[in-house]
Amino acid sequence: MVIGINCGHTLEGPGVGAVGIINESEHTRLVGNMLMRKLMDADVDVIDCTVDRAVSQEAYLEKAVQIANQAAAELFISIHFNASTEHHARGTEVYTYGGKRHLAAVSICSHLAKLGFSNRGVKDGSGLYVIRRTKARAILVEVCFCDNERDVEIYERAGSQDAVADAIWEALCETVIGKEGKKERNKEEFMCFVGEIAHADWQKRRIILPSVVVAQAIKESAWGTSELARKANALFGIKKNDWNGKIYLKDALEQKADGSYYTVEQTQWRAYDSWEESVLDHNTYIAKRSTDGGRTLRYAPLIGCTDYTLAARYLQECGYATAQGYAESLIKDYIEKYQLTKFDC
Ligand SMILES: [Zn+2]
């Protein structure tokens with residue numbers, strides 16, 4: 001199956017997206033790029049139908065559709081963030097040709113609604129150029145209203161682009177990619193694999209609670225499918241720091257305190273010979289990380305902590321991740337959802 005993804009709008013000038021509390025053009029790309037990465041990691045054929053610049057709105061739309069049609073995409077997804085004149089409107093909605101409620105559209109809507117947005121449902125997008133002119137079955141997703149305070153708050157609290165890309169990805173897995181069975185098995189295998197290593201190490205070194213380690217591994221490596229997991233055997237995004245082992249170069253996406261994102265190009269990441277080495281090094285890193293030559297340990301409160309809620313929060317508080325909502329996501333999206341505490345004994 002070939003899936004065309006269009007990160008809605010151009011970056012500037014004609015065709016640019018709405019500017020609300022967050023910038024539509026920026027976030028369509030954050031979501032879309034992450035979604036494309038997930039699809040590619042799962043070996044789905046993905047065509048990037050994003051157009052960054054155009055002489056007119058029409059030219060932008062024509063170009064996006066042309067890319068999709070030339071690649072014979074079977075499914076086309078255009079990602080957007082909504083806006084309304086009074087900034088009061090809220091919720092998630094998707095558009096299809098004739099408002100047809102096909103499975104993927106309904107599923108995307110309900111997965112996005114699960115993040116906390118109100119579900120505005122599947123609507124008739126026959127009038128939209130990218131829906132009307134693509135040969136593929138087309139879905140235009142309006143994630144939420146980028147000019148509504150409440151919606152943006154929900155978006156950010158849910159985990160921003162990570163959570164939205166994940167929601168769309170899950171919806172596609174359940175409906176069109178048809179790998180769900182295989183994926184569920186792989187998930188189970190992945191949890192057990194990391195869980196056993198984390199559990200054995202906890203028995204031995206009492207550094208970091210296994211449920212937290214497994215949740216981190218799942219979140220950071222997208223169940224072992226991320227570029228770092230595949231090419232560098234790294235299940236966690238740990239930067240080089242004082243590491244003397246192998247490294248892997250890849251851009252890093254960081255979040256500032258004000259919620260905006262920036263890229264650090266060619267960041268050096270730790271690379272390993274195996275996932276097991278990655279898990280053990282992650283724990284060693286937590287145990288030893290110090291920024292003052294060993295006088296104080298950065299993750300001291302976390303070490304040996306037997307409460308997963310506290311442990312996840314300490315991780316974030318002590319500066320493990322810049323992404324807002326990291327700890328809450330570990331707790332809700334992984335530890336509790338997949339009952340990872342079974343490894344905590
Ligand atoms: Zn839009």
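A few comments on the model shown:
- Residue among Thr309, Thr296 that is under 29 Å from Lys114 (Cβ atoms) and surrounded by fewer than 19 Cβ atoms within 10 Å (Cβ to Cβ): Thr309
- Residue count for region 138-159, restricted to those that are surrounded by fewer than 23 Cβ atoms within 10 Å (Cβ to Cβ), more than 16 Å from the ligand (Cβ to nearest atom) and not in a loop (DSSP other than H, G, I, E, B): 6
- Hits in region 310-326 (condition: assigned to a helix (DSSP H, G or I) and closer than 19 Å to Trp202 by Cβ): Leu310, Ala311, Ala312, Arg313, Tyr314, Leu315
- Some residue of region 259-282 being within 23 Å of the chain's Cα centre (by Cα), basic (Lys, Arg) and under 23 Å from Glu156 (Cβ atoms): no
- Any hit, region 267-284, residues being exposed (fewer than 15 other Cβ atoms within 10 Å of the Cβ) and within 30 Å of Cys146 (Cα to Cα): no
- Meets criteria (buried (at least 22 other Cβ atoms within 10 Å of the Cβ), more than 13 Å from the ligand (Cβ to nearest atom), in the same structural domain as Ala167 (by TED's automatic domain parsing) and not hydroxyl-bearing (Ser, Thr, Tyr)) for Phe81: no
- Counting only residues that are away from the ligand (no atom under 14 Å from the Cβ), crowded, with 21+ Cβ neighbours inside 10 Å and not hydrophobic (A, V, I, L, M, F, W, C), region 26-48 holds 1 of them.
- Residues that are within 13 Å of the ligand (Cβ to nearest atom), in a helix (DSSP H, G or I) and in contact with a Gly (Cβ under 7 Å, 6 or more places away or on another chain) do occur in region 16-25, at least one of them.
- Residue count for region 1-25 under the criterion of being surrounded by 21 or more Cβ atoms within 10 Å (Cβ to Cβ) and either outside the structural domain of Ile168 (by TED's automatic domain parsing) or closer than 18 Å to Glu74 by Cα (or both): the result is 5.
- Residue satisfying condition, being hydrophobic (A, V, I, L, M, F, W, C), over 25 Å from Ile177 (Cβ atoms), part of a helix (DSSP H, G or I) and away from the ligand (no atom under 13 Å from the Cβ), within set Ala105, Ala68, Ala59, Ala89: Ala59
- Flag if Val51 is more than 17 Å from Gln161 (Cα to Cα), within 14 Å of the ligand (Cβ to nearest atom) and either touching a residue at least 12 places away in the same chain (Cβ under 8 Å) or not in a strand (DSSP E or B) (or both): yes
- Residue pairs whose Cβ atoms lie under 8 Å apart, sitting 6 or more positions apart in sequence or on different chains, and linking a residue in region 13-32 that is without any contact (Cβ under 8 Å) to a residue 40 or more places away in the chain to a partner that is assigned to a helix (DSSP H, G or I) and within 10 Å of the ligand (Cβ to nearest atom), are Val16/Ser25.
- Filter pass, Phe76 being under 21 Å from the mean Cα position of the chain (by Cα), within 16 Å of the ligand (Cβ to nearest atom) and within 16 Å of Phe145 (Cα to Cα): no
The values are calculated or read from the model by the stated rules, or taken from the named source; none is laboratory data. Keep in mind that what you see is a predicted model, and the values were worked out from it rather than measured. Neighbour counts are summed over all protein chains in view; Cβ atoms, including those assigned to glycine, are modelled from backbone coordinates with ideal geometry.
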